[in-house]
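Right, one structure below, let's go through it.
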Amino acid sequence: MKFFKRVETVQNFDKPGRYILYWMQGAFRVRHNHSLEFAKYLCSKYNLPLKVLVIVDFSYPEANFRSFKFFLEGLKDVVVELTSKQINIDIVAGRFKDALKPYIDSAKIMVTDKSYLPALKNIKKAVYAESKITVYEVDTNLVVPVSLVSQKREYAAYTIRPKILKHLEDCKNDFEELTYKGAFLNPNIEINLDKIEDELLKQNLVFVSPAPYIGGYIEAKRILEEFISRKFKYYKDKRSDPNKDIESNLSPYLHFGNISPIEILNELKNAEGNSENYYSFQEELVVRRELSFNFTYYSNDLTNLENLLPSWAVKTLGDHKGDKREYIYSLDEFEEAKTHDEIWNAAQRELKNRGKIHNYMRMYWGKKIIEWSKTIDDAYKNMVYLNNKYAIDGRDPNSYVGILWCFGLHDRAFKEREIFGKVRWMSQKSLTKKFDLSEYVKKYGKANF
Ligand SMILES: Cc1cc2nc3c(=O)[nH]c(=O)nc-3n(C[C@H](O)[C@H](O)[C@H](O)COP(=O)(O)OP(=O)(O)OC[C@H]3O[C@@H](n4cnc5c(N)ncnc54)[C@H](O)[C@@H]3O)c2cc1C
């Protein structure tokens, strides 16, 4: 198989079992899913059937009604497609460890998707430690597998870019769909997703109203096609303009693994549009995104700024910690969009309403939280809280790295100024000089709520 380089043997135990288990945990799709294909390969090798398992863990860190709804919508596409291929899938509600136990007991081998956030890596490590079963993790949500690119945190885009480009062509073309030659389990007619949706309503979850995006592969493909037909040709020049709807809006689908970044690249390659737009998109989807995954994968913890920022940023922010703040807002005031700045308030309302902020405004949103918080640590905590609560693409490596970029991560030093020290600052004046934001403010103004 061309993609063995994506497969990592986590542990080896020779044990009998009735099936090969694929614990679908980060790549909630059937198409372009290397983990699924690897599990199919093992089924052929051992002449065993395949069992796909999805665990809906309502205690998942920071998940809420909005994110679960999107996630469950996406599972519908998975169920329909696997069932049409006569592959058995179980969807169960419960904590990962408890829900997995009976499946691991019955399986010969477990395959699962690679995780890139320390919290999830630790949960999985604890599960593996108690399970005497061979485990393979497959890196299917990145174009170039994280451990193939580098074995350490990279300093910035310019250091990771050549390491990614070295493997890019090979990795973009390494997907193979195998014919399933394993035995068949009875298709599971009784996968009761509706029952799990009912469970969702009964949970004591933080209620955040659903965002205007529907989860799943089918919707991801529709959004990709819309991007290709209407926006792609303007991507390089107009992507940054908050008034123009040129972004792809694929980030929620990438976050839930509803679509593969390789499939996106392949579709764009075949699309009309000049190569400048293609390379500009590739820079974001592959270099910037995979720089984020590199960072969180090689971080043990994402809470302590001192361990997360480059030393120059820690020093300069520390030098300015006593600087006077003209405005200081509480978490509630930020959350309710009650600052003096109508542009910032509009961005916060966009986050709450749409579940996503336009990329350029996301930077402004973050920089101003730093400027208007009592301390740098408060700013980081509040930003992570708000982003992960409302963003449908939140709780992602890109969330943490996007936020940390506002504090100087993967960036360079600028002219020193108050509060920020040498960390890049953004002013409302330069923002409004670049873009006329009256339409944006009107669009996300109070009237919408
Ligand atoms: C404060 C802050 C918070 C952020 N929080 C998140 C978050 O929670 N989830 C998230 O996915 N991204 C986050 N980002 C990064 C970026 O803003 C989004 O990835 C992008 O806006 C997603 O929209 P899109 O899919 O329409 O982007 P497009 O422009 O269509 O880009 C396509 C894909 O490329 C990747 N990409 C684009 N821009 C970036 C970038 N700057 N860094 C890394 N990858 C990028 C994303 O995977 C994106 O889906 C954050 C940035 C900042 C400054």
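The values are calculated or read from the model by the stated rules, or taken from the named source; none is laboratory data. Predicted, not measured: the structure shown is a model, and the values here were computed from it. Glycine also receives a Cβ, built like all others from the backbone with ideal geometry; neighbour counts cover every protein chain displayed.
Quick notes
- Some residue of segment 301-312 being over 24 Å from the mean Cα position of the chain (by Cα) and either more than 30 Å from Ile123 (Cβ to Cβ) or crowded, with 21+ Cβ neighbours inside 10 Å (or both): yes
- If you check Asp98, Asp90, Asp77 for being assigned to a strand (DSSP E or B) and acidic (Asp, Glu), only one passes: Asp90.
- Considering only residues in segment 323-362 that are among the basic types (Lys, Arg) and under 28 Å from the mean Cα position of the chain (by Cα), the one that is nearest to Gly445 (Cα to Cα) turns out to be Arg349.
- Pair list, Cβ < 7 Å and 6+ apart or interchain, from segment 242-256 residues that are within 17 Å of Gln282 (Cβ to Cβ) and acidic (Asp, Glu) to residues that are near the ligand (Cβ under 8 Å from one of its atoms) and in a loop (DSSP other than H, G, I, E, B): Glu247/Arg239; Glu247/His358
- Some residue of segment 53-61 being part of a loop (DSSP other than H, G, I, E, B), acidic (Asp, Glu) and touching a residue at least 12 places away in the same chain (Cβ under 8 Å): yes
One line per residue, one yes/no per condition, for (1) touching a strand residue (DSSP E or B) at 6+ places or on another chain (Cβ under 6 Å); (2) modelled with pLDDT of 95 or more; (3) part of a loop (DSSP other than H, G, I, E, B):
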{"site": "Lys163", "(1), (2), (3)": "no, yes, no"}
{"site": "Lys166", "(1), (2), (3)": "no, yes, no"}
{"site": "Glu169", "(1), (2), (3)": "no, yes, no"}
{"site": "Phe175", "(1), (2), (3)": "no, yes, yes"}
{"site": "Glu197", "(1), (2), (3)": "no, no, no"}
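- If you go through segment 318-367 and keep only what is touching a Gly at 6+ places or on another chain (Cβ under 7 Å) and aliphatic (A, V, I, L, M), you end up with just Ala346.
- Enumeration of residues in segment 356-407 that are closer than 17 Å to Tyr60 by Cα and either near the ligand (Cβ under 6 Å from one of its atoms) or small (Gly, Ala, Ser) (or both): Asn387, Ala391, Asp393, Gly394, Asp396, Ser399
- Residue within segment 288-295 that is of a type in the set (Asp, Glu), more than 16 Å from Ser150 (Cβ to Cβ), within 18 Å of the chain's Cα centre (by Cα) and part of a helix (DSSP H, G or I) present: no
- Residue match in segment 251-260 (condition: surrounded by fewer than 19 Cβ atoms within 10 Å (Cβ to Cβ) and either within 12 Å of the ligand (Cβ to nearest atom) or of a type outside the set (Gly, Ala, Ser) (or both)): no
- Which listed residue, of Ile264, Ile218, Ile228, Ile214, is more than 14 Å from the ligand (Cβ to nearest atom), part of a helix (DSSP H, G or I) and either modelled with pLDDT under 95 or surrounded by 15 or more Cβ atoms within 10 Å (Cβ to Cβ) (or both): Ile218
- Exclusive hit being surrounded by fewer than 16 Cβ atoms within 10 Å (Cβ to Cβ) and touching a Phe, Trp or Tyr at 6+ places or on another chain (Cβ under 8 Å), set His340, His320: His340
- Residue count for segment 327-337 satisfying the condition of being part of a helix (DSSP H, G or I) and surrounded by fewer than 17 Cβ atoms within 10 Å (Cβ to Cβ): 3.
- As for segment 416-426, it holds at least one residue that is within 22 Å of Ser330 (Cα to Cα) and out of contact with any His (no Cβ under 9 Å at 6 or more places or on another chain).
For every residue, the table says whether it meets (1) modelled with pLDDT of 95 or more; (2) within 30 Å of Val384 (Cβ to Cβ); (3) in contact with a helix residue (DSSP H, G or I) (Cβ under 9 Å, 6 or more places away or on another chain).
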position: Phe65; (1), (2), (3): no, yes, yes
position: Ile87; (1), (2), (3): no, no, yes
position: Phe96; (1), (2), (3): no, yes, yes
position: Ile109; (1), (2), (3): yes, no, yes
position: Lys124; (1), (2), (3): yes, yes, yes
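- Restricting segment 360-377 to residues that are assigned to a helix (DSSP H, G or I) and touching a Ser or Thr at 6+ places or on another chain (Cβ under 8 Å), the residue that is surrounded by the most Cβ atoms within 10 Å (Cβ to Cβ): Lys368
- Residue check for Glu439: in contact with a His (Cβ under 8 Å, 6 or more places away or on another chain), away from the ligand (no atom under 11 Å from the Cβ) and assigned to a helix (DSSP H, G or I): no
- Exactly one residue out of Pro102, Pro118 is within 16 Å of the chain's Cα centre (by Cα) and more than 24 Å from Ile262 (Cβ to Cβ): that is Pro118.
- If the condition is being out of contact with any Lys or Arg (no Cβ under 9 Å at 6 or more places or on another chain), under 17 Å from Ser35 (Cα atoms) and outside any loop (DSSP other than H, G, I, E, B), then segment 109-120 contributes Met110, Val111, Asp113.
- Restricting segment 408-436 to residues that are in a helix (DSSP H, G or I) and surrounded by 14 or more Cβ atoms within 10 Å (Cβ to Cβ), the residue that is farthest from the ligand (Cβ to nearest atom) is Gln428.
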